[in-house]
Amino acid sequence: MKKITWIIVTSIFLVAIAYYFYSDKEIGNGIKIDKIIVYKSKRELSTYANGSLIKTFKISIGKNSTGKKEFEGDYKTPEGKYLISSKAPHPLYHKYLYVSYPNKSDILNAKKLKKDVGGQILIHGLHKKYTLIGNFHRFWDWTKGCMALTNNEIDDLYDAVNVKTPIEIYP
């Protein structure tokens, strides 16, 4: 029985190590992404160029993942049509692509609720304290409403995305 347990534990450990170091193909030099589509329920961020799917990333989203973002502090990732409004290195989360949240609909909805709509929704890398978590960050939703990638993935996406790239976020 001890030998079977040891084999199972060792197998799980080896699969976990492989998953941690697994790296999908990169977007590639010279490719410019012209559209991003996020499906929150699948935890996927897909990139497109000239109508063709280029790469899909697995992501973490807001820790209150069900439903559309309604106000600041609800820990939900927004849903709707936005743009990448800026990009830069981030002092804590490696690099970011700033999403143009809130749009007019988001503002009106928050006003109806008599709440602050909030802002600062990003696609970002991992917090500097937790960089070693790598791919394992995807096992739970942990952001305040942002979409998180590994630092290698945000580097890849960052280089291929220009400001004003459309992003559509779906449930």
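The values are calculated or read from the model by the stated rules, or taken from the named source; none is laboratory data. None of these values were measured; they are calculated from a predicted model. Note that each Cβ is placed from the backbone with ideal geometry, even for glycine, and that neighbours are counted across all protein chains shown.
Looking at this structure, is Ser100 within 22 Å of Pro166 (Cα to Cα), modelled with pLDDT of 95 or more, hydroxyl-bearing (Ser, Thr, Tyr) and touching a Leu at 6+ places or on another chain (Cβ under 7 Å)?
Values: within 22 Å of Pro166 (Cα to Cα): yes; modelled with pLDDT of 95 or more: yes; hydroxyl-bearing (Ser, Thr, Tyr): yes; touching a Leu at 6+ places or on another chain (Cβ under 7 Å): yes.
It is true that Ser100 is within 22 Å of Pro166 (Cα to Cα), modelled with pLDDT of 95 or more, hydroxyl-bearing (Ser, Thr, Tyr) and touching a Leu at 6+ places or on another chain (Cβ under 7 Å).
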*Those residues of the stretch 118-133 which are closer than 13 Å to Lys69 by Cα and at pLDDT 95 or above, in sequence order*: Ile121
_What are the pairs with Cβ atoms under 7 angstrom where one residue, in the stretch 121-149, is among the charged types (D, E, K, R) and the other, located anywhere, is exposed (fewer than 15 other Cβ atoms within 10 Å of the Cβ)? Sequence gap at least six, or different chains._
Lys128/Leu92; Asp141/Lys63
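Considering only the stretch 67-118, state which residues are basic (Lys, Arg) and touching a residue at least 24 places away in the same chain (Cβ under 8 Å). Outline the logic, then answer.
Narrowing the stretch 67-118 to residues basic (Lys, Arg): 68-69, 76, 81, 87, 95, 104, 111-112, 114-115.
Scanning the stretch 67-118 gives Lys68, Lys69, Lys76, Lys81, Lys87, Lys95, Lys115.
Residues in the stretch 45-75 that are part of a loop (DSSP other than H, G, I, E, B) and surrounded by fewer than 20 Cβ atoms within 10 Å (Cβ to Cβ): how many? Lay out the reasoning, then the answer.
Keep residues of the stretch 45-75 that are part of a loop (DSSP other than H, G, I, E, B), which gives 50-51, 59, 61, 63-75.
Checking which are surrounded by fewer than 20 Cβ atoms within 10 Å (Cβ to Cβ) leaves us with 50-51, 63-68, 70-75.
Number of matching residues: 14.
Please verify whether Ile167 is assigned to a strand (DSSP E or B), within 15 Å of the chain's Cα centre (by Cα) and of a type in the set (Val, Ile, Thr), treating the condition exactly as stated. I'd like the intermediate steps shown before the answer.
Working: assigned to a strand (DSSP E or B): yes; within 15 Å of the chain's Cα centre (by Cα): yes; of a type in the set (Val, Ile, Thr): yes.
It is true that Ile167 is assigned to a strand (DSSP E or B), within 15 Å of the chain's Cα centre (by Cα) and of a type in the set (Val, Ile, Thr).
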*Could you list, in sequence order, the residues of the stretch 136-171 that are surrounded by 20 or more Cβ atoms within 10 Å (Cβ to Cβ), among the polar types (S, T, N, Q) and out of contact with any strand residue (DSSP E or B) (no Cβ under 7 Å at 6 or more places or on another chain)?*
Thr150
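Residues are listed down the side, and each one gets a yes or a no for (1) farther than 22 Å from Ala49 by Cα; (2) β-branched (Val, Ile, Thr):
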site	(1), (2)
Lys95	no, no
Asn103	yes, no
Ile121	yes, yes
Phe136	yes, no
Ala148	no, no
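How many residues are in a loop (DSSP other than H, G, I, E, B), more than 15 Å from Pro89 (Cα to Cα) and within 13 Å of the chain's Cα centre (by Cα) when one looks only at the stretch 105-156? Steps first, answer last, please.
At the first step, the residues of the stretch 105-156 found to be in a loop (DSSP other than H, G, I, E, B) are 113-120, 125-127, 140-142, 144-146, 149-150.
Within this subset, residues satisfying the condition of being more than 15 Å from Pro89 (Cα to Cα) are 113-119, 140-142, 144-146.
From what is left, the residues that are within 13 Å of the chain's Cα centre (by Cα) are 140-142, 144-146.
The total comes to 6.
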